[in-house]
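K.L.:
What follows is a structure written as structure tokens; I'll ask about it next.
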2 protein chains.
Amino acid sequence: MVAQTFNLKTYLNQRQQQVEEALSAALAPAYPERIYEAMRYSVLAGGKRLRPILCLAACELAGGSIEQALPTACALEMIHTMSLIHDDLPAMDNDDFRRGKPTNHKVFGEDIAILAGDALLAFAFEHIARQTQGVPPQLVLQVIARIGHAVAATGLVGGQVVDLESEGKAISLETLEYIHTHKTGALLEISVVSGGILAGGDEQLLARLSRYAQDIGLAFQIIDDILDITATSEQLGKTAGKDQAVAKATYPSLWGLEASRQKAEALIRSAKEQLHPYGSQAEPLLALADFITRRQH
Amino acid sequence: MVAQTFNLKTYLNQRQQQVEEALSAALAPAYPERIYEAMRYSVLAGGKRLRPILCLAACELAGGSIEQALPTACALEMIHTMSLIHDDLPAMDNDDFRRGKPTNHKVFGEDIAILAGDALLAFAFEHIARQTQGVPPQLVLQVIARIGHAVAATGLVGGQVVDLESEGKAISLETLEYIHTHKTGALLEISVVSGGILAGGDEQLLARLSRYAQDIGLAFQIIDDILDITATSEQLGKTAGKDQAVAKATYPSLWGLEASRQKAEALIRSAKEQLHPYGSQAEPLLALADFITRRQH
């Protein structure tokens, strides 16, 4: 049976390599070199490629192919990278390190870092619109609309703004949930759901993918907050303890570490239950849910 | 005859009002209020709406309706505004005034200004994908792909990067042309061409629209450079003489003022010739070409 032989490590390695190659090809160096260098520096900095892999896995679960989802998968990583580059800017989180390397603006300057983010965001939409093959155009438009929604003031940016406004303040659980469902949750959710849309999945499937993604998204964020407290900077590849240093509201600060861990585990169980009807087809997404809780950085 | 009764002022007023209302509705205030305020502050700051109007006029010339092109027209203005907000940042051109008002970051802070630009860029693509009606989806995808191309490192951002790299240096005419065809030309060109695509225009029409737009785009930039030298800050609504102060390469600095004026006029003539086959249907685009050379700010 497929389910018994499924090996997450092999699966992740294979998918990461596919995504890596596709990203490098999509961002092949050209004139003006410096902006391509800056984009490639951050995009090809060796992240886990969680968003692209979720997109590819959801597309396969829904009966689609890797090829149908690969341009969208790459676009999601470009957008995620844009958000990291802009977050790290001195006017934002002012971070010097990311994934163990100096941040984009530390290497290329603030001006180029801002522009690299802008270019990645614009190119992401071009890439989906131009490169997606074998998918009805109205579905591609749906994916573009929903990704735009997940990034704009209704999504990632909205979450960022409320996060910035909440710094150093005592905030409600409601506000904290708004921040997380928007700042990181929205893009994770559309990463999964877009894979289902591109494969032509029906409403019921998309709703299940959506709930799966919301649950792992929140679990992901809680674990991020926990790691910020418990891990060292070396393990994280970025400055640890940063949230505490700037008095950012986090789940551990509201609930404590142990209750936060339990909440994350409950969310992962709930996420996996959503995929129950799909049997062995769901193996990669089930394993990815576990992978998120087990990560150490 | 329509051609004889065409009144540019009435036409521009009417179109500006349509665009203004559509932009305000598209960016209706919501939570988190501060980011919507920031986006609305710059988008609704009363620009000429040249890009949206070019898009609408090209769509009509090609036999389409205002309704088909309005979401794209608004998206083009959002993207243009994003580029202005990010350009004005301290790390970039460091401008305090724009259209006679304090720049976005002066009012809302650098962090919100960066995020407002990001949100506008992402929302622009969502808006086209979600709101465009009565156009075959594959044509909408084509518009999205070409707008992305006109904004990313292959377009506006590429032009910005070379412009930044050229500051204070003696540069070749070739480099200056690269800067202008990318920094301002690419978005102007797709503003016109997208109108033609949305109306289902054929290759020949799109090629003529493209050449028209390239010519007026370059003329527009040359006149911008001339105005930077000859106009006062009050007339411009932004800091005048800025290009000279930072030793930016401009056409007047390469050719002198008078030769630059002549070049701009020749380009406008050439732009208008492209539209010769379309008779009175071309009146708005012909008048817009003249409008660009006559502007004082």
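The values are calculated or read from the model by the stated rules, or taken from the named source; none is laboratory data. Computed from a predicted model, the values in this text were never measured in an experiment. So basically every Cβ, Gly included, is an ideal-geometry build from the backbone, and we count neighbours across all protein chains shown. In case anyone asks, the SASA skips ligands and DNA or RNA and just uses the protein heavy atoms, side chains included. Shrake-Rupley method; radii C 1.70, N 1.55, O 1.52, S 1.80 Å.
K.L.:
Take the range A:81-111 and flag every residue that is in a helix (DSSP H, G or I), aliphatic (A, V, I, L, M) and more than 19 Å from the chain's Cα centre (by Cα).
P.N.:
A:VAL107
K.L.:
Here is a further query. Can you pull out the residues in the range A:121-146 that are facing chain B (nearest Cβ under 7 Å) and farther than 24 Å from A:ALA28 by Cβ?
P.N.:
If the condition is that a residue be facing chain B (nearest Cβ under 7 Å) and farther than 24 Å from A:ALA28 by Cβ, then A:PRO137, A:GLN138, A:LEU141, A:ALA145 are the ones that fit.
K.L.:
Suppose the filter is more than 10 Å from chain A (Cβ to nearest Cβ), under 28 Å from B:PRO284 (Cβ atoms), hydrophobic (A, V, I, L, M, F, W, C) and buried (at least 23 other Cβ atoms within 10 Å of the Cβ); does B:LEU76 pass it?
P.N.:
Answer is yes for this residue.
K.L.:
Going through the range B:96-106 one residue at a time, which ones are within 14 Å of chain A (Cβ to nearest Cβ) and out of contact with any helix residue (DSSP H, G or I) (no Cβ under 6 Å at 6 or more places or on another chain)?
P.N.:
B:THR103, B:LYS106
K.L.:
Within the range A:106-114, can one find any residue that is touching a strand residue (DSSP E or B) at 6+ places or on another chain (Cβ under 9 Å) and within 28 Å of B:ILE114 (Cβ to Cβ)?
P.N.:
Yes, the range A:106-114 has at least one match.
K.L.:
Restricting to the range B:147-164, name every residue that is out of contact with any Gly (no Cβ under 8 Å at 6 or more places or on another chain) and either more than 7 Å from chain A (Cβ to nearest Cβ) or acidic (Asp, Glu) (or both).
P.N.:
Within the range B:147-164, B:ILE147, B:ALA150, B:THR154, B:GLY155, B:LEU156, B:ASP163 qualify.
K.L.:
Yes or no: the range B:183-190 includes at least one residue that is farther than 30 Å from B:PRO71 by Cβ, surrounded by fewer than 23 Cβ atoms within 10 Å (Cβ to Cβ) and more than 10 Å from chain A (Cβ to nearest Cβ).
P.N.:
No, the conditions are met nowhere in the range B:183-190.
K.L.:
If you don't mind, another one. Looking only at the range B:26-51, which residues are farther than 19 Å from A:GLY158 by Cβ and either touching a Lys or Arg at 6+ places or on another chain (Cβ under 9 Å) or surrounded by fewer than 13 Cβ atoms within 10 Å (Cβ to Cβ) (or both)?
P.N.:
B:ALA45, B:GLY46, B:GLY47, B:LYS48, B:ARG49
K.L.:
Report whether or not B:ASP111 is of a type outside the set (A, V, I, L, M, F, W, C) and open to solvent by less than 10 Å² (accessible area, probe 1.4 Å).
P.N.:
No, not satisfied.
Okay, residues lined up against (1) touching a Pro at 6+ places or on another chain (Cβ under 8 Å); (2) among the hydroxyl-bearing types (Ser, Thr, Tyr); (3) within 14 Å of chain B (Cβ to nearest Cβ):
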{"position": "A:THR5", "(1), (2), (3)": "no, yes, no"}
{"position": "A:LYS9", "(1), (2), (3)": "no, no, no"}
{"position": "A:ASN13", "(1), (2), (3)": "no, no, no"}
{"position": "A:SER42", "(1), (2), (3)": "no, yes, yes"}
{"position": "A:THR81", "(1), (2), (3)": "no, yes, yes"}
{"position": "A:LEU84", "(1), (2), (3)": "no, no, yes"}
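K.L.:
OK, next. Residues to consider are B:GLY196, B:GLY279; find the one that is in a helix (DSSP H, G or I) and either in contact with a strand residue (DSSP E or B) (Cβ under 7 Å, 6 or more places away or on another chain) or modelled with pLDDT under 95 (or both).
P.N.:
The match here is B:GLY279.
K.L.:
Going through the range A:80-95 one residue at a time, which ones are touching a helix residue (DSSP H, G or I) at 6+ places or on another chain (Cβ under 6 Å) and open to solvent by 20 Å² or more (accessible area, probe 1.4 Å)?
P.N.:
The answer is A:HIS80, A:ALA91, A:MET92, A:ASP93.
K.L.:
Could you please find all residues in the range A:158-176 being free of Cβ contacts under 8 Å to residues at least 12 places away in the same chain and under 15 Å from A:ILE222 (Cα atoms)?
P.N.:
A:GLU174
K.L.:
Give A:ARG146, A:ARG130, A:ARG211 a once-over and let me know the one that is in contact with a Pro (Cβ under 9 Å, 6 or more places away or on another chain) and open to solvent by 40 Å² or more (accessible area, probe 1.4 Å).
P.N.:
The match here is A:ARG130.
K.L.:
Something else about it: Please determine whether any residue of the range A:52-63 is within 23 Å of A:TYR36 (Cα to Cα), free of Cβ contacts under 8 Å to residues at least 40 places away in the same chain and within 20 Å of the chain's Cα centre (by Cα).
P.N.:
no
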